[in-house]
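A.B. asks: If you scroll down you'll find the structure; I have some questions about it.
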Amino acid sequence: MGSSSLRFAETVRVLSATAHGLGLRVPAFRSPPHTPGRDRAVSRPRGEPVVAVRVVGRPFAAVQADLIDGLAVVNGLAALEAEPVRRELWNALARAGEVDGQPTLAAA
């Protein structure tokens, strides 16, 4: 699937475009988090949201899940609100060929 940096960038591109299309606020994404040992962090330096995710030493599906969860957090989505958004974001990754294995698209 290529380098982890390229996969991270492509995943962020797909998620950002999809989130924007859903009317969600799209944060900046970076890797790794500033705090050592953290897998994911959401911060708001200068008022703008940043989702930071550790890529190295983790299954890439965990990285993708953290990026999706970060989008939900930045947008203040409660569990029930977040469910269809998460589904659409995963479907977008599957359509883009960014999900390992043989994905089955979930009904919207």
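The values are calculated or read from the model by the stated rules, or taken from the named source; none is laboratory data. Remember, predicted model here, so these are calculated numbers, not experimental data. Cβ atoms come from the backbone with ideal geometry, glycine included; neighbour counts cover every protein chain shown.
A.B. asks: When Leu71 is evaluated against the numbered criteria (1) under 11 Å from the mean Cα position of the chain (by Cα); (2) in contact (Cβ under 8 Å) with a residue 60 or more places away in the chain, which criterion, by number, is the only one it fails?
C.D. replies: (2)
A.B. asks: With (1) touching a Lys or Arg at 6+ places or on another chain (Cβ under 7 Å); (2) over 19 Å from Ala9 (Cβ atoms) as the list, and Thr35 as the residue in question, which single condition is left unmet?
C.D. replies: (1)
A.B. asks: I would also like to ask the following. Do you know which residues across the stretch 4-56 are polar (S, T, N, Q), more than 27 Å from Pro84 (Cβ to Cβ) and assigned to a helix (DSSP H, G or I)?
C.D. replies: Ser4, Ser5
A.B. asks: Is it the case, given these coordinates, that Val73 is aliphatic (A, V, I, L, M), surrounded by fewer than 17 Cβ atoms within 10 Å (Cβ to Cβ), in contact with a strand residue (DSSP E or B) (Cβ under 7 Å, 6 or more places away or on another chain) and more than 18 Å from Leu6 (Cβ to Cβ)? Quick ask: steps written out before the conclusion?
C.D. replies: Working: aliphatic (A, V, I, L, M): yes; surrounded by fewer than 17 Cβ atoms within 10 Å (Cβ to Cβ): yes; in contact with a strand residue (DSSP E or B) (Cβ under 7 Å, 6 or more places away or on another chain): yes; more than 18 Å from Leu6 (Cβ to Cβ): yes.
Yes, satisfied.
A.B. asks: Between a first residue in the stretch 85-108 that is within 15 Å of Gly70 (Cβ to Cβ) and of a type in the set (S, T, N, Q) and a second residue that is modelled with pLDDT of 95 or more and part of a loop (DSSP other than H, G, I, E, B), which pairs have beta carbons less than 8 Å apart while being 6 or more apart in sequence or on different chains?
C.D. replies: Hits for this filter: zero, empty list.
A.B. asks: Taking the options Pro59, Pro84, Pro103, name whichever one is more than 23 Å from Gly23 (Cα to Cα), surrounded by fewer than 17 Cβ atoms within 10 Å (Cβ to Cβ), more than 11 Å from the chain's Cα centre (by Cα) and at pLDDT 95 or above.
C.D. replies: On the way: Pro84 fails: more than 23 Å from Gly23 (Cα to Cα); Pro103 fails: at pLDDT 95 or above.
None of the others qualify; the one that does is Pro59.
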